[in-house]
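J.: Before I ask anything, let me first share the structure, which is written out below as structure tokens.
The values are calculated or read from the model by the stated rules, or taken from the named source; none is laboratory data. This structure is a prediction, so every number in the text was calculated from the model and none was measured. Here the Cβ positions follow ideal geometry from the backbone for every residue, glycine too, while neighbour counts run over all protein chains shown. Heads up: the accessible areas ignore ligands, DNA and RNA and are worked out on the full protein's heavy atoms, side chains in. Shrake-Rupley method; radii C 1.70, N 1.55, O 1.52, S 1.80 Å.
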Amino acid sequence: MKHYDIIGGERLTGNVDISGTKNAAVAIIAAALAVDGVCYIDNIPEVGDVTTIMEILTCLGALITRVAPNAYSIDCRDVKPDAVARVELYGKCRASYYALGALLGRFGEAIVATPGGCDFGYGSSGRPIDQHIKGFEALGADVEHSGGWIRAVNNGKKLRGNRIYMDVVSVGATINTILAAVFAEGTTIIENAALEPHVVDLANFLNKMGAAVRGAGSSTIRVYGVDRLVGGDYSILPDQIEAGTYLCMAAATGGKITVRNVVPRHLYCITSKLSDMGVRIEENGDCVTASSARKRLRSTNVKTAPYPGFPTDMQPQITTLLCIADGTGKVTEAVWDNRFQYLEQLQNMGAIVSQSGRDAVIEGSAKLTGAPIIATDLRAGAAMVIAGLAAEGVTRISDVWEIERGYEDIVEKLRRLGANITIHNDIEVVETSDIAGGGSRAEGGAA
Ligand code: EPU
């Protein structure tokens, strides 16, 4: 177990290269299970969730080779229909359920253990997967979800294309249904599909491998069944959420950060809110700069929504900014039942926040003070880093494995921007540090 110590108050300035999208990478790597050839995939972020999904594929019989930093070849030609990975791996990564869609589509049968996932208010029942099941069943599969396993079968036969209306806009169900439909006979039409950039990235990957997925990025996606995916090369899109997180760090520290290698239009939903808060945003080719040069931030209201709305995966980060902005702001979490578990950590640092159901009210102008805090999940962990950078004194963040599930090289990237952040393992803490630890939880969970 590791923790970070951040001494706040440094103005962050400079450039940061944004990595590939974690949530696209985990889908695309799983999608390689459907490919009867070798995939060369570049711009893969080297983060915890990617390691987990690669371990799952390896257990299933894939041959994965790191050919260069952030570039891998994945060969799934020897994967068998009845392949199953170690149970605990499925529980470590939400995206493990993409193996179900990919293998069901390719072999007409598949089994995975119930995926884990950050608990965004669903308790022991876990985050729902009813729309995934609806998609598979519409394509002709029988799906059984019991005893910690999900099994989808169509007697080893090809699925049949169908029209599927998703009752909720779901990234995961859209991706899983596309994966299952790639080889289905005829045409599959997915209505009310998710529009997120990583859904488009997954579709582009599949098309490059020989699939016929049309309309990704709109709410109606058509999948024309093909006989085989043949392999090829692909480069993953830059991470909208990682980029947005660094832009918030510029705002939080009165600094100036340029995120490089981004798709600026994927960031509009984030940068427009930062502009509302008084942050100067400049766009130049594939770079976006946020500067707030010691100006006071203004409060605003934020409501999360599926893309192109304000991303739920940026909600903890913007809430943290609102803590130090002038005025009162309201944040409404409209995607997940409860994604405010981290508010208590901010309160420990002096934030004045209250929650009522899906709304949080943030009284601004708080003077944040360093404290021992916990990364309660991936994006909450990123928000704690933002809080630590803006706070006076030392902030110790424990359970940073959550952060490292999704942010590549965050400590090095921050140091290059001028942050005073150090990484320690917990044995060193006991022996060398006089700062009280913040407690920790067992590793697990997933985005
Ligand atoms: N939903 C259902 N039924 C389903 C599936 C989803 O009711 O069968 C509901 C969920 O309860 C939620 C909403 O639909 O209220 C959206 O869920 P979605 O399926 O879109 O989420 P996901 O695919 O499980 C991905 C990301 C999350 C991100 C959400 C929303 C991955 C691996 N995870 O999750 O990322 O919050 O989309 O954009 O792609 C993160 O990166 O920190 C993270 C949590």
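J.: For the condition more than 29 Å from GLY20 (Cβ to Cβ) and modelled with pLDDT of 95 or more, what is the one hit in GLY381, GLY393, GLY406?
T.: Details: GLY381 fails: more than 29 Å from GLY20 (Cβ to Cβ); GLY406 fails: more than 29 Å from GLY20 (Cβ to Cβ).
The conditions single out GLY393.
J.: Run GLN131 past the list (1) outside any strand (DSSP E or B); (2) farther than 28 Å from GLY48 by Cα; (3) within 16 Å of the ligand (Cβ to nearest atom) and report the number of the one that doesn't hold.
T.: In the conditions (1) outside any strand (DSSP E or B); (2) farther than 28 Å from GLY48 by Cα; (3) within 16 Å of the ligand (Cβ to nearest atom), GLN131 misses (2) alone.
J.: Condition check: out of contact with any Asp or Glu (no Cβ under 7 Å at 6 or more places or on another chain), among the polar types (S, T, N, Q) and either more than 16 Å from the ligand (Cβ to nearest atom) or outside the structural domain of VAL168 (by TED's automatic domain parsing) (or both). Does SER235 satisfy that? Full working, then the answer.
T.: Working: out of contact with any Asp or Glu (no Cβ under 7 Å at 6 or more places or on another chain): no; among the polar types (S, T, N, Q): yes; either more than 16 Å from the ligand (Cβ to nearest atom) or outside the structural domain of VAL168 (by TED's automatic domain parsing) (or both): yes.
No; evaluated as a whole, the condition is false for this residue.
J.: Here's another thing I want to ask about it. Give the residue, chosen from ASP239, ASP227, that is among the charged types (D, E, K, R) and either within 21 Å of the chain's Cα centre (by Cα) or under 28 Å from PRO45 (Cβ atoms) (or both).
T.: Values: ASP227 fails: either within 21 Å of the chain's Cα centre (by Cα) or under 28 Å from PRO45 (Cβ atoms) (or both).
Among ASP239, ASP227, only ASP239 is among the charged types (D, E, K, R) and either within 21 Å of the chain's Cα centre (by Cα) or under 28 Å from PRO45 (Cβ atoms) (or both).
J.: Now for a different question. When you go through (1) within 16 Å of the ligand (Cβ to nearest atom); (2) open to solvent by 10 Å² or more (accessible area, probe 1.4 Å); (3) assigned to a helix (DSSP H, G or I); (4) not hydroxyl-bearing (Ser, Thr, Tyr) one by one for LEU195, which number turns out not to apply?
T.: (3)
J.: Can you tell me how many residues in the range 280-301 are under 24 Å from the mean Cα position of the chain (by Cα) and buried (at least 22 other Cβ atoms within 10 Å of the Cβ)?
T.: 2
J.: Still on this model: Failed condition for VAL169, given (1) assigned to a loop (DSSP other than H, G, I, E, B); (2) under 22 Å from ASN23 (Cα atoms); (3) open to solvent by less than 50 Å² (accessible area, probe 1.4 Å), with all others met?
T.: (3)
J.: Separate question: Can you say whether GLY140 is open to solvent by 10 Å² or more (accessible area, probe 1.4 Å), away from the ligand (no atom under 16 Å from the Cβ) and either outside the structural domain of GLU88 (by TED's automatic domain parsing) or over 17 Å from ALA102 (Cβ atoms) (or both), as far as the supplied structure shows?
T.: Details: open to solvent by 10 Å² or more (accessible area, probe 1.4 Å): yes; away from the ligand (no atom under 16 Å from the Cβ): yes; either outside the structural domain of GLU88 (by TED's automatic domain parsing) or over 17 Å from ALA102 (Cβ atoms) (or both): no.
No.
J.: Six or more apart or on different chains, Cβ under 8 Å: which pairs go from a residue in the range 337-351 that's within 13 Å of CYS323 (Cβ to Cβ) to one that's open to solvent by 50 Å² or more (accessible area, probe 1.4 Å) and part of a loop (DSSP other than H, G, I, E, B)? Could you list them?
T.: Sorted first by the residue in the range 337-351, then by its partner, the pairs are GLY350/LYS367.
Rundown of residues vs (1) more than 16 Å from the ligand (Cβ to nearest atom); (2) buried (at least 24 other Cβ atoms within 10 Å of the Cβ); (3) farther than 21 Å from GLU408 by Cβ, yes/no style:
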| residue | (1), (2), (3) |
| --- | --- |
| CYS248 | no, yes, no |
| ALA251 | yes, yes, yes |
| GLY254 | yes, no, yes |
| ILE257 | yes, yes, no |
| VAL262 | yes, yes, no |
| ARG265 | yes, no, yes |
| GLY278 | yes, no, yes |
| LEU321 | yes, yes, yes |
| ARG339 | no, yes, yes |
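J.: Same structure, new question: Quick one: LEU274 ticks every box in (1) open to solvent by 10 Å² or more (accessible area, probe 1.4 Å); (2) part of a helix (DSSP H, G or I) bar one, so which box is it?
T.: Tallying (1) open to solvent by 10 Å² or more (accessible area, probe 1.4 Å); (2) part of a helix (DSSP H, G or I), LEU274 fails exactly one: (1).
J.: For the range 293-319, name all the residues that are more than 22 Å from VAL263 (Cα to Cα) and assigned to a loop (DSSP other than H, G, I, E, B).
T.: ALA293, ARG294, LYS295, ARG296, LEU297, SER299, THR300, ASN301, listed by residue number.
J.: Looking only at residues that are modelled with pLDDT under 90 and either closer than 24 Å to CYS59 by Cα or outside any loop (DSSP other than H, G, I, E, B) (or both) in the range 112-128, which one is farthest from the ligand (Cβ to nearest atom)?
T.: Residue satisfying both the conditions and the ranking: SER124.
J.: Which one of these is outside the structural domain of THR52 (by TED's automatic domain parsing), under 15 Å from ASN348 (Cα atoms) and open to solvent by less than 10 Å² (accessible area, probe 1.4 Å): THR395, THR376, THR369? So that I can check it myself, show each step before the final result.
T.: Working: THR376 fails: open to solvent by less than 10 Å² (accessible area, probe 1.4 Å); THR369 fails: open to solvent by less than 10 Å² (accessible area, probe 1.4 Å).
After ruling out the rest, the residue left standing is THR395.
J.: Moving to a separate point now. Which of the residues spanning the range 277-292 are more than 20 Å from ALA382 (Cα to Cα), part of a strand (DSSP E or B) and not acidic (Asp, Glu)? Break it down into steps so the answer makes sense when it comes.
T.: The initial filter retains those residues of the range 277-292 that are more than 20 Å from ALA382 (Cα to Cα), namely 278, 280-287.
Those still in the list that are part of a strand (DSSP E or B) too: 280-284, 287.
Listed by number, the residues that qualify are ARG280, ILE281, ASN284, CYS287.
J.: Given the conditions (1) within 27 Å of GLY126 (Cα to Cα); (2) among the aliphatic types (A, V, I, L, M); (3) more than 16 Å from the ligand (Cβ to nearest atom); (4) buried (at least 24 other Cβ atoms within 10 Å of the Cβ), report the number of the one that ALA387 does not fulfil.
T.: (1)
J.: Working carefully through the options ALA83, ALA102, find the one that is touching a residue at least 12 places away in the same chain (Cβ under 8 Å), assigned to a loop (DSSP other than H, G, I, E, B) and either open to solvent by less than 60 Å² (accessible area, probe 1.4 Å) or assigned by TED's automatic domain parsing to the domain that holds ALA180 (or both).
T.: Values: ALA102 fails: assigned to a loop (DSSP other than H, G, I, E, B).
From the options ALA83, ALA102, the qualifying one is ALA83.
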